[in-house]
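Quick notes on the structure that follows.
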Amino acid sequence: MEENFQIDSLDKKILSMITKNARIPYLEVARECKVSGAAIHQRIQRLTKMGVITGSRFTINPKRIGYKTCAYMGIFLDKASLYKNVLNELIKIPEVTQCHYTTGNYSIFIKVYTRDNEHLKLVLTDRLQAIQGIARTETFISLEEGFNRSLPIN
């Protein structure tokens, strides 16, 4: 069971600022929050230790590096007990960028980026459908990402 951590209004303001710009200098956050840079540094360390902040990374635009096709796939498993085995194989496929164990029609739902539809076909037929435990898949090609955002900090 997940713990709910107590975060105060300063934590929320910090989180709001750093989710909009992860590269914002701590001193700029400190000025806006009217506290010291050391206080911001301590708060961010505490939020990280609590697991509220799970990391920071640069986001790469897939299209800018030649990955023009984004697809989502619903995966049907032969048996639900095969989930971990299938997960261990999916993680080896670099084109698979997200994986969710789900309720509903599919056992697993994944997000895949490929260079084009031909590359998608190869990933699907040569890599995904070769995984033991996958009964079948359904593929949905994304025509456009309308938006992608972090949760609001209330």
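Here are some notes:
- Pairs with Cβ under 7 Å, 6+ apart, first in segment 56-73 and under 17 Å from residue 141 (Cα atoms) and in the same structural domain as residue 23 (by TED's automatic domain parsing), second β-branched (Val, Ile, Thr) and in a loop (DSSP other than H, G, I, E, B): none
- Residue among 107, 150 that alone is small (Gly, Ala, Ser) and surrounded by 13 or more Cβ atoms within 10 Å (Cβ to Cβ): 107
- Residue that is surrounded by the fewest Cβ atoms within 10 Å (Cβ to Cβ) [pool: residues in segment 8-54 that are in a helix (DSSP H, G or I) and basic (Lys, Arg)]: 49
- Boolean, residue 75 is surrounded by 11 or more Cβ atoms within 10 Å (Cβ to Cβ), in contact with a Cys (Cβ under 7 Å, 6 or more places away or on another chain) and either in a strand (DSSP E or B) or among the small types (Gly, Ala, Ser) (or both): no
- Inside segment 84-132, residues that are in a helix (DSSP H, G or I) and over 19 Å from the mean Cα position of the chain (by Cα) make up a count of 13.
- Selection count, segment 55-71, where residues are over 30 Å from residue 13 (Cα atoms), surrounded by fewer than 16 Cβ atoms within 10 Å (Cβ to Cβ) and either among the hydroxyl-bearing types (Ser, Thr, Tyr) or in contact with a helix residue (DSSP H, G or I) (Cβ under 9 Å, 6 or more places away or on another chain) (or both): 1
- Taken together, the residues in segment 10-35 that are at pLDDT 95 or above and of a type in the set (Gly, Ala, Ser) amount to 1.
- Exactly one residue among 136, 127 is surrounded by 12 or more Cβ atoms within 10 Å (Cβ to Cβ), closer than 24 Å to residue 81 by Cβ and basic (Lys, Arg), and that residue is 127.
- Segment 34-46 residues that are farther than 16 Å from residue 7 by Cβ, paired with ones that are part of a helix (DSSP H, G or I) (beta carbon under 6 Å, 6 or more apart): 36/30; 37/26; 37/27; 37/30; 41/26
- Scanning segment 77-123 for residues that are out of contact with any Phe, Trp or Tyr (no Cβ under 7 Å at 6 or more places or on another chain) and touching a residue at least 40 places away in the same chain (Cβ under 8 Å) turns up 78, 79, 82, 85, 86, 89, 90, 112, 116, 117, 119, 120.
The values are calculated or read from the model by the stated rules, or taken from the named source; none is laboratory data. Small disclaimer: the values here were computed from a predicted structure and weren't measured. So basically every Cβ, Gly included, is an ideal-geometry build from the backbone, and we count neighbours across all protein chains shown.
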